[in-house]
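A.B. asks: I have a structure I would like to understand better, so I am pasting it below and will then ask my questions one at a time.
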Amino acid sequence: MPDNVLILTNEEAAGLLKMPEAVKLTEEAFTDFGHNLATIVPRRRLYVPRLEKEDKTWFWLNMIPGAVPCHGIAAIRLNAAQTKYGGKRQTIPGDYSGFVLVWDLDTRELLGIVHDHAVSPLRVGATTGVGIKYLAREDSEVLGIIGTGQQAGAQVDAVMAVRPDIKKIKVFSPTEKNRKKFAKIQNELHGVETLAVDTAEECVKNSDIVIAATNATDPVVFGKWLSPGTHVVGMAGASIFDGRRDLDDEVVLRSELIIVNLWEQVELDQQADILAPLRKGLTSTDIIFELSDLCIGKLRGRTSSTQITLHSNNVGMGIQFASVCKRVLDIARERKIGTELDSNLFMTRRGKEDVYAP
C-alpha cells in the first residue's frame, strides 16, 4: 500500500490509460454493479443562481460517488463550476475545480486525487465502448459522429477500440473549421478515412454507428435518417434547463432495444431523451434495460443485423471514476508522475484514547 497520497493534474493524468484497457475496466465495474456488488449514489447536482449577474448563470456543484469491490476501490467525483445557458447551448465558462478522490476499500486510505477533466471523457468513451461491444454490428464499417470536442474524440477512440474494422468516419458540427480540424486529427490518429460533412443528416445517413456528443439543447439525431441495423449513442443527461435532448422521438420509436447506464437517473433527472417518447406511448419499459444487464448476460444484446439499438449514455457514475482513476494512479506511480503528499494529512489515526468517530 502506498505511503503517500498521489495528486495528478489534468496534464499529468492525460493519456496515461489507453482506451482498450479503460473499456475493459469499465465493463468489469458494470459487471460488479450488475451482480449487486458495486454500489453507487445517483449523481447529484446543486445549482445556485448568481443573482448579481444579468445573464442566466448558476454556480454548479457536482457529486458522483461509487465503489467497485472487484477493483478494491471507492471514489467520488466533485467539481465546482459555473454553468450558463445561451441560445441552443449549455456552456460551462471560466475556471473551475474538479477532482476524483480515490480510496482503498480495505484500508480506508486515500490513494490519490486526480483532476477530473482529463479522465472524464475517457470514462464516458469507455462506457460507450462497452455498449458498442454488445450492441453494434460486428461488421460495422461507418461511424457518424456529431460533435468535435474532447468528448467526441474519446468516443471515436472507444469505437476504434471495440470495432477496429471501421473503414470510414463522418463528422459534423455547426462550425466548419472545427469539423475539418477534428476530421484531420482523427485521420492521423486512427488511419481511417475521416470526412467533415456539411449537415447532421449526411453524418447520420448510411452510418452503422451514430454518436451525438454535443452540448446542444435540441435534438441533433433524427430517426428518419437511421438505416436498419444502426447503433445509436446519445449522451444528453441532466441539465438545469429542462428537456435537453440529443435524439428526437422517432429514434426511440424505431429502437428495438434501449440501454441506459442507470434507469434511476433517468427518473431522477426527468431525462427527456427517454421519458418524452415513453410518456407518449412510443416505446415501452419492456425494451429498456441497464448497461450492467448486458455485462452479466441478463439479456443477449443485439439479436439481428437489422435491429436499431440505442445506448443512452445518460449519466456519470462513481464506479466509472473509481475503476479508471485507480488504474491511472497506478500507472502514474510506475512512471513517477505527480505530486506526493503525506497520507497522514488525510487520515484520522485511532489511538487508545481517541474519541473520534466517522
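What follows draws every value from the coordinates through simple rules; no lab data is involved. Here the structure is a predicted model, which is why all the values come from computation and not from measurement. For neighbour counting, all protein chains shown are included, and Cβ atoms are generated from backbone atoms with ideal geometry for every residue, glycine included.
A.B. asks: Name the long-range amide H neighbours of ARG245: under 5 Å, sequence gap of 5 or more, or other chain; modelled H, no Pro or chain starts.
C.D. replies: Excluding prolines and chain starts, which carry no amide H, the hits are ASP218.
A.B. asks: Run the numbers for ILE92 and ALA80: contour at 0.36 nm per residue of separation, minus the present Cα-Cα distance, in nm.
C.D. replies: Values: separation 12, 0.36 × 12 = 4.32 nm, distance 1.04 nm.
Using 0.36 nm per residue and subtracting the Cα-Cα distance, I get 3.3 nm.
A.B. asks: In region 110-131, whose amide N lies under 19 Å from the spot 7 Å out along Cα-to-Cβ of MET63? List them in ranges.
C.D. replies: 114, 116
A.B. asks: Roughly how many nanometres apart are two label points built 7 Å out from the Cα toward the Cβ at LEU51 and GLU188?
C.D. replies: 5.0 nm
A.B. asks: In nm, to one decimal, how far is the modelled label at GLU202 from the one at GLU11, with both set 7 Å along Cα→Cβ?
C.D. replies: 3.9 nm
A.B. asks: Which ³J(HN,Hα) values in Hz, rounded to whole numbers, follow from the phi angles of region 296-304 under the Karplus curve 6.51 cos²θ - 1.76 cosθ + 1.60, where θ = phi - 60° and Gly and Pro get x?
C.D. replies: 9, x, 5, 9, 6, x, 4, 10, 7
A.B. asks: Could you list the GluC sites (Glu not before Pro) in region 45-117 that lie in coil according to DSSP, counting only those with at most 14 other Cβ atoms within 10 Å of their Cβ?
C.D. replies: Answer by residue number: GLU52, GLU54.
A.B. asks: Right, next: Would you mind calculating the relative contact order of the chain from Cα pairs under 8 angstrom and at least 6 residues apart, reporting the percent as a whole number?
C.D. replies: Taking the mean separation of contacting Cα pairs over the length of the chain, I get 22 percent.
A.B. asks: Scanning the chain for helices, which whole DSSP H stretches are 18 Å or more long along the axis (Cα) and average 1.6 or more by Kyte-Doolittle?
C.D. replies: Helices passing the filter in the chain: none found.
A.B. asks: Now, a different point. If neighbour count is taken as other Cβ atoms inside 10 Å, put ASP106, ASP157, ASP208 in order from fewest to most.
C.D. replies: Ascending number of Cβ neighbours within 10 Å: ASP106, ASP208, ASP157.
A.B. asks: Taking the Cα centre of the chain as origin, sum charge times position over the Cβ atoms of Lys and Arg (+1) and Asp and Glu (-1), and report the length of that vector in debye to the nearest 20.
C.D. replies: 440 debye
A.B. asks: List MET63, MET19 from most exposed to least, where exposure is judged by having the fewest other Cβ atoms within 10 Å.
C.D. replies: Least crowded to most crowded, the residues run MET63, MET19.
A.B. asks: At 222 nm, what value in deg cm²/dmol follows for the chain if DSSP H runs of at least 4 each add -39500 (n - 2.57) and the sum is divided by all its residues, to the nearest 500? Intermediate results must be reported in sequence, preceding the final value.
C.D. replies: Values: 11 runs with 112 residues, N = 358.
Using -39500 (n - 2.57) per qualifying helix, the result is -9000 deg cm²/dmol.
A.B. asks: Moving to a separate point now. How do LYS181, LYS224 line up, fewest other C-beta atoms within 10 Å first? Could you put the intermediate results ahead of the total?
C.D. replies: Numbers: LYS181 15, LYS224 11.
The fewest-first ordering by Cβ neighbours comes to LYS224, LYS181.
A.B. asks: Next up: Expected output is a single nm value to one decimal: the length gained when fully extending between ILE296 and SER284, i.e. 0.36 nm times separation in residues minus the C-alpha distance. What is it?
C.D. replies: Values: separation 12, 0.36 × 12 = 4.32 nm, distance 2.22 nm.
Taking ILE296 through SER284 to full extension adds about 2.1 nm, to one decimal.
A.B. asks: Oh, and also: Hey, with R₀ at 45 Å, roughly what FRET efficiency would LYS336 and ASP139 work out to, going by the Cβ-Cβ distance, to 0.05?
C.D. replies: Efficiency for this residue pair is about 0.55.
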